[in-house]
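The values are calculated or read from the model by the stated rules, or taken from the named source; none is laboratory data. In this text, all values refer to a predicted model and were calculated from it rather than measured experimentally. Cβ sites come from the backbone with ideal geometry, for glycine too, and all protein chains shown count toward neighbours. Please note that ligands, DNA and RNA were not included when accessible areas were found on the heavy atoms of the full protein model with its side chains. Shrake-Rupley method; radii C 1.70, N 1.55, O 1.52, S 1.80 Å.
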Amino acid sequence: YSSVGISLYNANDCNITSNNISKNFWGINLYGSCDRNLFLDNNIVDNAQFGIFFWCKGRAYCNDNKVWSNYIANSDVGIFMSDPIHGYGFFKNNTIIGNMLINNFAGILVLAYMQWNDVSGNIVSCNNVVNNSIGIWIGAGGGWSNNSIFHNNFINNTEQAPSGGAIWHNGYPSGGNYWSNYNGTDVFSGLYQNETGSDGIGDTPYSDDTYPLMK
């Protein structure tokens, strides 16, 4: 194993696209302040610890990055966003969209324990999170606010999402996420799911997801 497949250090406006990144300790590492970078269509597999590691070490920023349409498999954590050592990271307005996160211990792990963290305005949408031990785990606290998780497919993860700390839907009628172990029914419709007729949204919440999708 190499230490890191691709490492960005205080790097902005980079395009990391269409790479095969495997057999590393970390697949991609964002170290220091890294803003407005694009990670697109990368195949990130069989890395020992993290597929993509947002590590804003020591009063640094990782803002406005795009993690789009990557295949991330067989790591401890597919996407990890935190400064677990110093607790001064700023992670704002990042988008994690259209990725396949499969056969990891955790698909996505976000830690915002420290009061000096600012984790806000991030969007996790349209991802397939499949066959992980944990689908997505949010360690919320500190400066955690206004993060949205919607239109994802959580399929056959041992624990789909064992913690809250986010907005788990995109309002009505857009809806929330699909959960493979949701056993609710769709008989009613409307903002409060009390109107006659089905609408593709479960009549009862799935944990913190107020509008779970039926398909």
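Please verify whether region 63-74 includes one or more residues that are out of contact with any helix residue (DSSP H, G or I) (no Cβ under 7 Å at 6 or more places or on another chain), crowded, with 16+ Cβ neighbours inside 10 Å and at pLDDT below 95. Within region 63-74, one or more residues are out of contact with any helix residue (DSSP H, G or I) (no Cβ under 7 Å at 6 or more places or on another chain), crowded, with 16+ Cβ neighbours inside 10 Å and at pLDDT below 95.
Cys34 satisfies every condition listed in (1) open to solvent by less than 60 Å² (accessible area, probe 1.4 Å); (2) within 16 Å of Gly78 (Cα to Cα) except (2).
Within region 198-210, the set of residues being open to solvent by 20 Å² or more (accessible area, probe 1.4 Å), assigned to a loop (DSSP other than H, G, I, E, B) and at pLDDT 95 or above comprises Ser198, Asp199, Gly200, Asp203, Thr204, Pro205, Thr210. Within region 9-24, can you find the residues that are over 20 Å from the mean Cα position of the chain (by Cα) and either of a type in the set (A, V, I, L, M) or part of a strand (DSSP E or B) (or both)? Across region 9-24, the qualifying residues are Tyr9, Ala11, Asn20, Ser22, Asn24.
Quick grid of which residues meet (1) within 26 Å of Phe91 (Cβ to Cβ); (2) open to solvent by 50 Å² or more (accessible area, probe 1.4 Å); (3) without any contact (Cβ under 8 Å) to a residue 40 or more places away in the chain:
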site	(1), (2), (3)
Ser145	yes, no, yes
Glu159	yes, yes, yes
Ile167	yes, yes, yes
Ser174	yes, no, yes
Asn181	no, yes, yes
Tyr192	no, yes, yes
Thr196	no, yes, yes
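Candidates Ile16, Ile6: the one that is farther than 30 Å from Gly164 by Cβ, open to solvent by 30 Å² or more (accessible area, probe 1.4 Å) and among the β-branched types (Val, Ile, Thr) is Ile6. Among the residues making up region 1-49, a single one is polar (S, T, N, Q), within 15 Å of Val67 (Cβ to Cβ) and at pLDDT below 95: Asn29. Quick check: is even one residue across region 42-59 part of a loop (DSSP other than H, G, I, E, B) and over 20 Å from the mean Cα position of the chain (by Cα)? Yes, there is a match, as at least one residue in region 42-59 is part of a loop (DSSP other than H, G, I, E, B) and over 20 Å from the mean Cα position of the chain (by Cα).
Once region 82-111 is narrowed to residues that are in a strand (DSSP E or B) and at pLDDT below 85, the residue that is nearest to the chain's Cα centre (by Cα) is Val110.
Residue count for region 182-206 satisfying the condition of being under 19 Å from Ser125 (Cα atoms) and among the polar types (S, T, N, Q): 0.
Residue-wise test of (1) charged (D, E, K, R); (2) open to solvent by 10 Å² or more (accessible area, probe 1.4 Å); (3) at pLDDT below 95; (4) over 25 Å from Phe25 (Cβ atoms).
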{"residue": "Val119", "(1), (2), (3), (4)": "no, no, yes, no"}
{"residue": "Asn132", "(1), (2), (3), (4)": "no, no, no, no"}
{"residue": "Gly141", "(1), (2), (3), (4)": "no, yes, yes, yes"}
{"residue": "Phe150", "(1), (2), (3), (4)": "no, yes, no, yes"}
